[in-house]
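J.: Sharing a structure with you now.
The values are calculated or read from the model by the stated rules, or taken from the named source; none is laboratory data. Since we're looking at a predicted model, the values are computed, not measured. FYI the Cβ positions are ideal-geometry reconstructions off the backbone, even for glycines, and counts take in every protein chain you see. What goes into the accessible areas is simple: the full protein's heavy atoms, side chains included, and nothing from ligands, DNA or RNA. Shrake-Rupley method; radii C 1.70, N 1.55, O 1.52, S 1.80 Å.
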Amino acid sequence: PLEEILAAQAGTLSFSASEDALAIGGKEGVCLLRPGFFSPAQAEQAACVLGDKSSHKTVFGLKSVLRLLALPAGFEPFNIFEAETAAALLASGSRKAALPQVVFERLGRPMQLPGSDEEKSQACAALPELEKLLKEELEKTGMLPVYSELELPLLPAVYSMEQLGAAADTALLGE
């Protein structure tokens, strides 16, 4: 259960989203929450962790995680490393890769059956190790400031825009 996973994790907690599940956990275990099958209380627990300033979280697919938890526009996660954004920044110009593929390519982990619960759990548990590798690569390439000062702060704003929409001043744009 989610409560046990949250209580057992010491240090970094990981969150990853796929089309049919939200994975939360770490090396001590991973809980898969399926949309429509987890309670509002579980969503609230996950949201509290994401909003906690004192604990570090590694996330892959932050906007999808927020969407699966049905968090409101304006929700602000704290103390996170967003691995999907970091991997995309380092691989600019190439295709977007799903978390299991990134784990396979960057960490050399064996692939599990695509789409399986084992694949989702393994990929989520590997996020802290992936974070370390991606941070090192961002530093080596000089992209860490771009990631931390530009890309990461924009994610909650883009999520809010996706939830609420965005208005454009067409008169100003016509000038």
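J.: Quick one: what pairs do we get from region 1-27, first residue modelled with pLDDT under 85, second open to solvent by 50 Å² or more (accessible area, probe 1.4 Å) and assigned to a loop (DSSP other than H, G, I, E, B), C-beta under 6 Å, 6+ apart or different chains?
T.: Taking only residues 6 or more apart or on different chains, the pairs are 8/28; 9/28.
J.: Okay, next question. Scan region 1-36 residue by residue and report those that are small (Gly, Ala, Ser), open to solvent by 40 Å² or more (accessible area, probe 1.4 Å) and either part of a strand (DSSP E or B) or under 18 Å from residue 122 (Cβ atoms) (or both).
T.: The answer is 8, 18.
J.: Let me ask you something else. Being among the small types (Gly, Ala, Ser) and in a helix (DSSP H, G or I) is the filter; apply it to region 148-171 and report the residue that is surrounded by the most Cβ atoms within 10 Å (Cβ to Cβ).
T.: For region 148-171, the residue satisfying everything is 160.
J.: Can you tell which of 59, 49 is touching a Pro at 6+ places or on another chain (Cβ under 8 Å) and touching a residue at least 40 places away in the same chain (Cβ under 8 Å)?
T.: Within the list 59, 49, the selection yields 59.
J.: Scan region 146-163 and report the pairs whose first residue is farther than 16 Å from residue 79 by Cα and whose second residue is open to solvent by less than 50 Å² (accessible area, probe 1.4 Å) and part of a helix (DSSP H, G or I), with Cβ atoms within less than 8 Å and a gap of 6+ or a chain change.
T.: That search, which allows pairs on different chains as well, returns 146/89; 159/62; 159/66.
J.: Please work out which residue is nearest to residue 164 (Cα to Cα), limiting yourself to region 48-59 and to residues that are hydrophobic (A, V, I, L, M, F, W, C) and open to solvent by 10 Å² or more (accessible area, probe 1.4 Å).
T.: Within region 48-59, the match that is nearest to residue 164 (Cα to Cα) is 48.
J.: Any idea how many residues of region 74-131 are in a helix (DSSP H, G or I), open to solvent by 60 Å² or more (accessible area, probe 1.4 Å) and touching a Leu at 6+ places or on another chain (Cβ under 9 Å)?
T.: Residues meeting the conditions: 3.
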